[in-house]
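Take a look at the structure below.
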Amino acid sequence: MTRRFGRTELPPELQDVLKRAIRIEWITICFLVVTTILLGLVLGNSQAMKAAWLEDLLSLAPPIAFLVAVRVVNRPPSARYPYGHHRSIGVAHLVAAVALTAVGTFLIVDSLSGLFRAEHPTIGSVVIFGQQVWLGWLMIGALSLTVVPPIILGRIKMELAEQLHDKVLYADADMNKADWMTAAGSMLGVFGIGLGIWWADAVVATLIGCSILWDGYKNLKAAITDLVDSRATTVDDSAPHPLIREVNTYLRSLPWVEAAGARVRDEGHVLHVEAFVVPERGKVRLEQLLEARDGCIDLDWKIEDIVIVPVGQLPEEVGGPSRERQSERSG
């Protein structure tokens, strides 16, 4: 079966990438369900343990959002949704970012409140097969099982996210980084309690919360700016998307084009392009516009929808003269 992102058919090699991404997200969900139950059984009074448990619980949001979005995005355009449902990826990215932000905020507030109140958490003992065992050892054992898998899953998702241009997967990879950092930090907090360092637990949880909150802020900012039609960026939002430059270069290379500039917005997996061209001598044929459009689409599968508009002068936002210069000329 051919997999599609809305109206955009994935290249054969990326169809396998999408299948792998779906499989990885299902593995993630199964892993998180198991670890959430496991940590819940040995929760105790440790703030760091509470943070790890809640973080694992909210970590379910990004993979679930991704799986729902992949199904929704395949719905065809309609009269009500003429642009299709590509924005579902942006909504899923927002959900993942909110989950990260919520986890980080909760950890910071909860940990600092305990620190300011000088709470001294205690970890008791449990009886196993007639032997008393310090609950901290069970906590550390449970946490150690949750360190390595998120590292592996996060690296895989990061690679898949770049190939699919999927910011939900990228945010989920950030969540996986938060998972293993939380687990490692929580083990230090439990050790601190065992050594009588009462404040270690809260300090570790606060530091973990700050790291997670920073990742949440970055993803939340990226998700919101994408949804309000900012310029398309790379999957990690570190730079403008290189396809913007490629589209402009191609259009400017056409013999009948005097000047060209495109504004590109992120629709999820794909990009929506509005290209403005200034024809030489002010004339252009329909065939030339159609050939230019097909040439842009051939640049990359992510160019899902493109409109080429002949104009007498480029808009300012794509390299045309500023409004101040225009007013000076008219004056």
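In what sequence do Leu18, Leu60, Leu32 fall when counting other Cβ within 10 Å, fewest first? Walk me through the intermediate numbers first.
Numbers: Leu18 19, Leu60 16, Leu32 25.
Fewest-to-most Cβ neighbours within 10 Å comes out as Leu60, Leu18, Leu32.
If I take every Cα pair under 8 Å that is 6 or more residues apart in the stretch 26-87, average their sequence separation and divide by the length, what percent do I get for the relative contact order?
This gives 27 percent for the stretch 26-87.
Kindly identify the stretch 87-182 as rounded, prolate or oblate by the Cα gyration tensor criterion: order the square roots of the eigenvalues as a ≥ b ≥ c, call it rounded if a/c is under 1.5, otherwise compare a/b with b/c, prolate if a/b is larger, else oblate.
Values: a/c = 3.79, a/b = 1.73, b/c = 2.19.
Note, shape of the stretch 87-182 comes out oblate.
Given 0.36 nm per residue, what is the gain on full extension from Trp198 to Ile152 after removing their alpha carbon distance, in nm? Kindly include the intermediate steps, with their values, before the conclusion.
Numbers: separation 46, 0.36 × 46 = 16.56 nm, distance 3.26 nm.
Gain in length upon complete extension: 13.3 nm.
Would you calculate the separation in nanometres between label points at Glu159 and Gln313, each defined as 7 Å from the Cα along the Cα-to-beta-carbon direction?
5.2
Once every DSSP H run of n ≥ 4 in the chain is given -39500 (n - 2.57) and the sum is divided by its residues, what mean residue ellipticity at 222 nm do you get, rounded to the nearest 500 deg cm²/dmol? Could the numbers behind the result be given before it?
Numbers: 11 runs with 201 residues, N = 331.
After summing the helix terms and dividing by the residues of the chain, the value is -20500 deg cm²/dmol.
Semi-axes, largest first, in whole Å: what does sqrt of 5 times each Cα gyration tensor eigenvalue give for the chain? List each step's numbers first, then the result.
Numbers: eigenvalues 520, 96, 35 Å².
Taking √(5λ) for each eigenvalue gives 51, 22, 13 Å, largest first.
Return the long-range amide H neighbours of Thr233 (sequence gap of 5 or more, or a different chain), with a cut-off of under 5 Å between placed amide H atoms.
Sorted by chain and number, the residues that satisfy this are His241.
Taking the Cβ of each residue in Asp172, Asp229, Asp215, Asp110 as the centre, tally the other Cβ atoms inside 10 Å and list the residues starting with the fewest.
Numbers: Asp172 34, Asp229 13, Asp215 21, Asp110 18.
So the ranking, lowest neighbour count to highest, is Asp229, Asp110, Asp215, Asp172.
Starting from the coordinates of the alpha-carbon atoms of the stretch 181-331, obtain the Kirkwood hydrodynamic radius over all distinct pairs and give the value in Å to one decimal.
19.0
What three numbers, in Å, describe the spread of the alpha carbons of the stretch 22-82 along their principal axes, ordered from the longest?
Ordered largest first, the stretch 22-82 gives principal extents of 55, 22, 12 Å.
No lab work stands behind these numbers, since they all come straight from the coordinates. Keep in mind it's a predicted model, so treat the numbers as computed, not measured. With ideal geometry, Cβ positions are generated from the backbone for all residues, glycine too; neighbour counts draw on all protein chains shown.
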